[in-house]
1. Students often get this wrong, so try it: which of [x] 92, 61, 42; [y] 80, 59, 53; [z] 151, 88, 44 is Cα extents along the principal axes in Å as calculated from the structure shown?
2. Once the Cα atoms of helix 411-432 and of the chain are each reduced to a long axis, what angle between those two axes, in degrees from 0 to 90 to the nearest 10, is obtained?
3. Which of the peptides 518-527, 34-43 is most tightly packed, and how do the rest follow, judged by the mean count of other Cβ atoms within 10 Å per residue?
4. If the chain between residue 35 and residue 124 were fully stretched, how many nm would it gain, using 0.36 nm times the residue separation less the Cα-Cα distance?
5. Once you treat every alpha carbon in the range 338-430 as an equal point and sum by Debye, what is log10 I(q)/I(0) at q = 0.10 Å⁻¹?
6. Set the Förster radius R0 to 35 Å, insert the Cβ-Cβ distance between residue 182 and residue 157 as r into 1/(1 + (r/R0)^6), and round the FRET efficiency to 0.05.
7. Measuring from label point to label point, each 7 Å out along Cα→Cβ, what is the residue 382 to residue 28 span in nm?
8. Based on the Cβ-Cβ distance of residue 668 and residue 319, what FRET efficiency does E = 1/(1 + (r/R0)^6) give at R0 = 56 Å, to the nearest 0.05?
């Protein structure tokens, strides 16, 4: 639509507006003339009436030379609207009495005032001797009464009246304009505009999806006829377009999108991913030994086999992406919901598992297999062609490794994903075969050096060696297996508390860490309560450590869960405090009992002490216990002690110890009493 286009509604409105304004202004000009004449007549009449009413009192005052009475008379005149001043002069021309109101400041309408009322600004009347004196039959001139009018004020009031009249006239004109414009728009220009907008929305690829609207009031007139005829053309064109598009974008054998449609779909997905800053995966599939199927069973069964494979791929992919056939035995999956290498590896593993299911074709049983290559946007390509080509290269790399293999375009991703999958499988086995162990790190009273509690830390004992949590906890969190592992830790801690109480009559509170995913799990609180009840332990002996980040994921839900745990008697600690982005306003409402100063802030002591000081001060104000973790030297301990930190843990006191060593060192020497924080 060109920039010079002006709608019919606009033109009609302009015409009505200008016509209405023209007549409104013409009427207003006539009204001004009438009001001006009326105002002059009214002023003349009021002037005569005023002089008639004050002539006799003024004459009496002059005759008696009573200046007080004269002044009172003139002051009465000043109260009359628009009177500016009044003067009485004696018969010899000398001033007898004069009074006046404050002069108004001249304004822009002074000239107009002079033009309208210049000849009426001043009125005067001769004063004659009162008739009741002897010899009064003959009139005797004794003075002159002159009244001066403030015509500027009169003009202002007149203009105010005309302003209101103008406003009312314009309002009436605009109201008429509005009503006429609405009528024109409703019955003429709006239906035309709707048809124009509908034409703009017509998609050349699917013209029959946006038919022209037909207004009910125009079904039997020219507008309705034009719209109906145009819609018939759109429907016919859409049917033809649909047939042509299907022929151009669909694989005739499998009904899957072909390369053309796939490239279009990838382009749209790339745009969406760029806007939302997301990744997606491209999976290239080449069937293994398909040539053997074709050669041995014939092309008819080979085609049937490909169609069956297509249905399997569609079923596996579901709503995670789009399946396309490039030709021959090559398929591509655009997996726009699979964003990370880990998710891609899981997806392809499941895909090959489903694809390897034996397939019955007539009397023949076929065992499908495939080689799969994976590329990730944007790491492996920014265009559709690059992503497909790199996934193809990765597929040939997988095929070189043997049948039924998969590979990433980048080898290190393949290795990392393989390690992750092996680690995940081993973690499941570790739970089944009881390969996890708890080590315990003691917590001490910094002032007295007395042991107060301990923290349970998980270790993985595999093939005779201990594996650090840093090696497997990230994988456990990514795959979700952290939830059963976390539950195992809590149950082992409860078992340990029960064992210490029964065997040694001495119990130290144990703190256990809860990961973000585990904290978000709905069964966490019921599980903890159930385990405490099952092993008959005092809830105060079990402290739940939550990371600051876990709390901030859903602060309202976090408060609810922590309140349930605290009400049941369990201790609540915020681990790694100061490393997240929690709001102090929320912290006040968290039902926690302990804050832990992260080791990264303790390591810098005493040189960098600002954050540690702030946390200690905050803990004191909120009446919380504060634990400093990661204490490694005497200088750190001295600073913490001098700043009233109550509890400390770290390698300076003791590294995490296996169960047997911890019992020998800290439990057995205290078998006669029960301790609590």
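All of the numbers you see were taken from the coordinates with simple rules; none came from a lab. None of the values given here were measured: they were computed from a predicted structure. Note that we place each Cβ from the backbone using ideal geometry, even for glycine, and neighbour counts take in every protein chain shown.
1. Of the listed options [x] 92, 61, 42; [y] 80, 59, 53; [z] 151, 88, 44, [z] comes from this structure.
2. 70
3. Numbers: 518-527: 16.6, 34-43: 13.6.
Packing proxy ranking, top to bottom: 518-527, 34-43.
4. Numbers: separation 89, 0.36 × 89 = 32.04 nm, distance 2.56 nm.
Here the segment from residue 35 to residue 124 would lengthen by 29.5 nm.
5. Values, matching the q order: -0.31.
6. 0.40
7. So the two model labels end up 6.2 nm from each other.
8. 0.40
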